[in-house]
Every structure is written in structure tokens, then in C-alpha cells.
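Here is the structure we will look at.
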């Protein structure tokens, strides 16, 4: 089994987190939170699902994520479509997916899990609290979570 190390990694070896959020302000807040809290990840942000899908289809540019954060407010049910799309790809099957919600909607939570989300969190409107949430999410999924040694989403596997 492979256990992620808790030590900070160099940028070349840091964990890769994909953030899918159509709001540039949310992306900026997430970047700022990671920077301020010293979370050692390489964050790649996508404002549309199509941008992520295009990158996935370009094998020369796609780097498999260690974690995907998906905003629950993507247009046209995009959040749910993206969770389902990721789970349909065997190479991404074990990739942890965290849906970040803005309101506590039971149906949204249930649907996220039914489609294959690994976790659902309700995003705090307070920056400090949101930063703590992100740090805890990354700590769990990137440091504590145990994946098979030959995890399918790593090109080096």
C-alpha cells in the first residue's frame, strides 16, 4: 500500500489538486488560502468542465490529479455531470472527489455521493474557516488516505 507522506514536497513532487469552479473569485480565494496556510500542492484551476475534458484528452499535457475539488454551483448541473464523467474513466476511478457546496441541500449531498463523490463539504463563507476546511480536506485526502500501491491515476504507476 502507498501512504502519502506528511512532509512538504518540492513543487516538482507536490500533490496535484484540480479545482473546477466557474467563479474566478472562488479560485482566487482558494489559491490565497493554500498560499497562506502553507499547503504544499500544485493547484490547477478550471472554470469550465470543457477545459478539464480537453486537457484530459491531450495525453501529453494531462497530469493525473491526486484530488479534485468541484464547486457545487457549476451551471447546467455541471457539478454532477463532472463527478459522473470522472467516475466513468477507469484511469481516474480512485481519484478522490470532493464536492464543495454553498448551502446545505440534502438532495445535493445525496446526489453527489450517488454519482461517486468521495466527500461533500459545505463551504464556509468566512475566509479563515474556509482555509481550515481546505487544509483539513487536503490533510485527509493527500496525507492520511491510503491508496493501492499501483494507483491508477498516477502516470508514474
So for the stretch 97-112 (the condition being buried (at least 16 other Cβ atoms within 10 Å of the Cβ), closer than 18 Å to residue 29 by Cα, modelled with pLDDT under 95 and touching a strand residue (DSSP E or B) at 6+ places or on another chain (Cβ under 7 Å)), does at least one residue qualify?
yes
Checking residue 146 against (1) touching a strand residue (DSSP E or B) at 6+ places or on another chain (Cβ under 6 Å); (2) buried (at least 18 other Cβ atoms within 10 Å of the Cβ); (3) at pLDDT below 90, the condition it does not meet
(2)
Boolean, residue 73 is more than 19 Å from residue 144 (Cα to Cα) and either loosely packed, with under 13 Cβ neighbours inside 10 Å or modelled with pLDDT under 90 (or both)
no
Out of the stretch 26-43, which residues are more than 21 Å from residue 102 (Cα to Cα) and part of a strand (DSSP E or B)?
41, 42
For residue 119, are the conditions met, namely being in contact with a strand residue (DSSP E or B) (Cβ under 6 Å, 6 or more places away or on another chain), surrounded by fewer than 19 Cβ atoms within 10 Å (Cβ to Cβ) and either modelled with pLDDT of 95 or more or closer than 14 Å to residue 30 by Cα (or both)?
yes
Subset of the stretch 34-44, residues surrounded by 13 or more Cβ atoms within 10 Å (Cβ to Cβ) and farther than 18 Å from residue 143 by Cα, comes to 44
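The values are calculated or read from the model by the stated rules, or taken from the named source; none is laboratory data. For clarity, every value in this text was computed on a predicted model and none was experimentally measured. FYI the Cβ positions are ideal-geometry reconstructions off the backbone, even for glycines, and counts take in every protein chain you see.
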